[in-house]
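Undergrad: The structure follows.
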Amino acid sequence: MKPDGVTPIPSDARARRAVKAVICYPNDSLPPYDSAFYDRARTGMMLVDTVTVPPRQGNTAYVPAGHIFRIVSVDGPQVGDLNLWNANDLNERFYSGKTRALHGTHVGVGDKMWSTFPAMRPMATIIGDTLDWYGFDADGGSVHDVIGTRCDPYTNNLLTGGQYHHCCHSNLTRALAEAKGLPLVEAEPLVHDVMNVFMCTGFTHKTHQYFMKASPVRPGDYIEMFAEIDLLVGLSACPGGDCGSEHSSDVVTCHPLVIEVYKPIADLGDWQMAQPNRYDRSHGID
Ligand SMILES: [Zn+2]
């Protein structure tokens with residue numbers, strides 16, 4: 001939190017603060033969201049896999065390029081922490097910070113889930129969201145943020161001194177280790193900052209601190225994405241439940257989440273997997 005300044009306020013402070021804000025990364029040069037294509041892709045799509053993520057646990061699903069997956073709320077309000085990996089190269093993974101820089105603090109239909117450098121390409125496109133009605137509330141909160149990191153045992157230990165093993169970071173680590181047959185020490189560094197599925201978050205008006213409030217998600221709600229490359233999807237059912245009070249403990253009620261994987265039956269025409277970024281990677285060295 002920024003402290004109150006001790007430096008004398010300059011005489012032109014008002015003018016300096018009043019300069020026009022400009023968008024850091026205008027994204028209007030990106031291809032526009034092709035709703036007709038994605039609507040066609042989902043028409044008649046066939047359910048081919050269903051993966052349950054138990055409360056306070058993680059799990060993974062394989063989603064081939066050109067398939068669609070849904071994260072579905074079942075039984076009760078529950079937040080999910082989402083990781084995405086290139087199924088063929090786990091070093092390419094979801095880049096929460098860049099996705100935020102391009103699309104804003106909270107994502108929705110039409111936004112892409114971008115991957116890390118050097119590929120930096122769309123891993124998935126959000127094509128459906130039953131919480132799209134929520135918008136931003138009076139607190140400045142909204143759902144599906146790319147602000148938070150993931151609840152983790154290190155921050156919990158730092159703040160409370162405790163040892164808690166079912167934070168989303170640990171749940172995702174165990175799930176990835178099991179899916180790929182990796183030791184925990186190799187899986188852990190591949191776990192990354194998340195998209196907080198269904199979580200309602202924002203920054204307080206006064207101190208600009210990260211806040212959460214009980215998720216508006218209800219059983220039957222879902223978010224739906226189209227896989228732009230072959231994906232390994234990791235999801236943790238956060239120990240915070242609806243994240244209305246606390247996380248990193250066994251105190252609150254938690255519910256499962258479900259990942260549904262669908263195969264389109266529609267002809268996808270000349271659609272192709274997203275290609276890696278075309279920067280030449282010379283970094284100025286001939
Ligand atoms: Zn969590």
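FYI, it's all coordinate maths here, none of it is from the lab. Fair warning: this is a prediction, and the values are worked out from it, not measured in the lab. So basically every Cβ, Gly included, is an ideal-geometry build from the backbone, and we count neighbours across all protein chains shown.
Undergrad: Can you list residues from other chains, or at least 5 along the same chain, whose modelled amide H is less than 5 Å from the amide H of residue 199?
TA: 80, 144, 145
Undergrad: Over 36 Å, how big is the tail of the calculated P(r) for the chain, in percent of all Cα pairs?
TA: It works out to 19 percent of all Cα pairs.
Undergrad: Next question. Give me the orientation-averaged projected area of the Cα convex hull of segment 6-150, in nm², one decimal.
TA: Averaged projected hull area, Cα only: 13.7 nm².
Undergrad: To continue, here is another question. ³J(HN,Hα) across segment 245-257 via Karplus (A = 6.51, B = -1.76, C = 1.60, θ = phi - 60°), whole Hz, x for Gly/Pro?
TA: Ordered by residue, 3J(HN,Hα) equals 9, 8, 9, 6, 6, 9, 6, 8, 6, 10, 10, x, 10 Hz.
Undergrad: May I pose another question? Considering only the other residues whose Cβ falls under 10 Å of the Cβ of residue 61, what net charge follows from Lys and Arg at +1 and Asp and Glu at -1?
TA: Around residue 61, the surrounding residues sum to -2.
Undergrad: Using the Cα centre of segment 34-263 as origin and beta-carbon charges of +1 (Lys, Arg) and -1 (Asp, Glu), tell me which of 241, 136, 51 is placed farthest towards the positive end of the dipole.
TA: Checked the options; the winner is 136.
Undergrad: What does the net charge come to around residue 251 if you take all other residues with beta carbon closer than 14 Å to its beta carbon, with K and R at +1 and D and E at -1? All intermediate terms of the calculation are to be shown ahead of the outcome.
TA: Values: positive: 56; negative: 242, 246, 250.
Charge balance in the 14 Å sphere: -2.
Undergrad: Roughly how big is the chain's charge dipole about its Cα centre, with Cβ charges of +1 (Lys, Arg) and -1 (Asp, Glu), in debye to the nearest 20? Don't skip to the end; give the middle numbers.
TA: Numbers: 23 positive and 33 negative charges, 147 e Å.
Charge dipole of the chain: 700 debye, to the nearest 20.
Undergrad: Give the long-range amide H neighbours of residue 49: residues separated by 5 or more places, or on another chain, with amide H under 5 Å away, using H modelled in the peptide plane at 1.01 Å from N.
TA: 261
Undergrad: Could you please report the charge total around residue 190, scoring K, R as +1 and D, E as -1 over all other residues with beta-carbon less than 15 angstrom from its beta-carbon? Walk me through the intermediate numbers first.
TA: Numbers: positive: 93, 150, 174, 180; negative: 81, 89, 92, 152, 178, 186, 188, 193.
Once positives and negatives cancel, what remains is -4.
Undergrad: Sorted by mean Cβ packing within 10 Å, highest first, what order do the peptides 72-79, 138-145, 193-200, 22-29 take?
TA: Highest mean packing first, the order is 193-200, 72-79, 138-145, 22-29.
Undergrad: What are the ³J(HN,Hα) couplings of segment 122-127, residue after residue, when phi is run through the Karplus curve with 6.51, -1.76, 1.60 and θ = phi - 60°? Round to Hz, x for glycine and proline.
TA: After applying 6.51 cos²θ - 1.76 cosθ + 1.60, I find x, 8, 7, 10, 6, 10 Hz.
Undergrad: Please give the residues of segment 107-129, grouped as numeric ranges, whose backbone N is less than 13 Å from a label point set 7 Å along the Cα-to-Cβ vector of residue 281.
TA: 117-120, by backbone N distance to the label point.
Undergrad: Using per-residue counts of other Cβ atoms within 10 Å, averaged over each peptide, order 124-131, 241-248, 226-233, 180-187 from highest down.
TA: 226-233, 124-131, 241-248, 180-187
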